[in-house]
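K.L.:
If you scroll down you'll find the structure; I have some questions about it.
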Amino acid sequence: MEKLSHAYIIASPSAEQRESIALELASAILCSGAGKKPCGVCRDCRKVCSGVHPDLTRIGRRSDEGGKQKREILIDQIREMGADAAVLPNEAGAKVYVIEDADTMNERAQNAALKLFEEPPANVSFILCAANPESLLITVRS
């Protein structure tokens, strides 16, 4: 497989399609199998598929005390992601962060994320999933 980039945007109106593509890409990044990636059979691919890989983190809108999903992904979540990204991977040779509904990040969160995207830690990839990628700052999209 060719060298992968450190950041991707997956755009689709279908949340299921975005998630499916994001997980396949995450598997390819974390895959420890020989040959074609993702191999689908190595320990890393199986863990991604099962949703238990310690080097795959999913960021999404949090819920409030009443269980209602918040409207936005907040800057604190992106700062937490940045702090975690600075830590070496647990099992794989890389870390992957999937930002679900990335188009719901508020402007402050996007600006904080932009700093990570411009100067990513070594062996860290970001996958932004968005129904409406035009809602992302042009600097984030580039």
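K.L.:
Taking A113, is it open to solvent by 30 Å² or more (accessible area, probe 1.4 Å) and free of Cβ contacts under 8 Å to residues at least 60 places away in the same chain?
P.N.:
Considered against the rule, which asks whether it is open to solvent by 30 Å² or more (accessible area, probe 1.4 Å) and free of Cβ contacts under 8 Å to residues at least 60 places away in the same chain, A113 comes out as no.
K.L.:
Tally up the residues in the stretch 132-142 that are in contact with a helix residue (DSSP H, G or I) (Cβ under 7 Å, 6 or more places away or on another chain) and either part of a strand (DSSP E or B) or open to solvent by 10 Å² or more (accessible area, probe 1.4 Å) (or both), please.
P.N.:
The total comes to 7.
K.L.:
Condition check: open to solvent by 60 Å² or more (accessible area, probe 1.4 Å) and either in contact with a strand residue (DSSP E or B) (Cβ under 7 Å, 6 or more places away or on another chain) or at pLDDT below 95 (or both). Does E118 satisfy that?
P.N.:
Considered against the rule, which asks whether it is open to solvent by 60 Å² or more (accessible area, probe 1.4 Å) and either in contact with a strand residue (DSSP E or B) (Cβ under 7 Å, 6 or more places away or on another chain) or at pLDDT below 95 (or both), E118 comes out as yes.
K.L.:
A follow-up question, please. Suppose the filter is under 22 Å from N132 (Cα atoms) and either polar (S, T, N, Q) or at pLDDT 95 or above (or both); does S50 pass it?
P.N.:
Working: under 22 Å from N132 (Cα atoms): no; either polar (S, T, N, Q) or at pLDDT 95 or above (or both): yes.
It is false that S50 is under 22 Å from N132 (Cα atoms) and either polar (S, T, N, Q) or at pLDDT 95 or above (or both).
K.L.:
Take the stretch 121-131 and flag every residue that is surrounded by fewer than 20 Cβ atoms within 10 Å (Cβ to Cβ) and in contact (Cβ under 8 Å) with a residue 60 or more places away in the chain. Let's see the steps before the verdict.
P.N.:
Keep residues of the stretch 121-131 that are surrounded by fewer than 20 Cβ atoms within 10 Å (Cβ to Cβ), which gives 121-123, 131.
Within the stretch 121-131, A131 is the sole residue that qualifies.
K.L.:
Take the conditions under 22 Å from I9 (Cα atoms), in a loop (DSSP other than H, G, I, E, B) and of a type in the set (A, V, I, L, M) and apply them to A122. Does it pass?
P.N.:
Yes.
The values are calculated or read from the model by the stated rules, or taken from the named source; none is laboratory data. Keep in mind the model is a prediction, meaning the values are calculated, not measured. For neighbour counting, all protein chains shown are included, and Cβ atoms are generated from backbone atoms with ideal geometry for every residue, glycine included. Side chains are part of the model used for accessible areas, which takes the heavy atoms of the whole protein and leaves out ligands, DNA and RNA. Shrake-Rupley method; radii C 1.70, N 1.55, O 1.52, S 1.80 Å.
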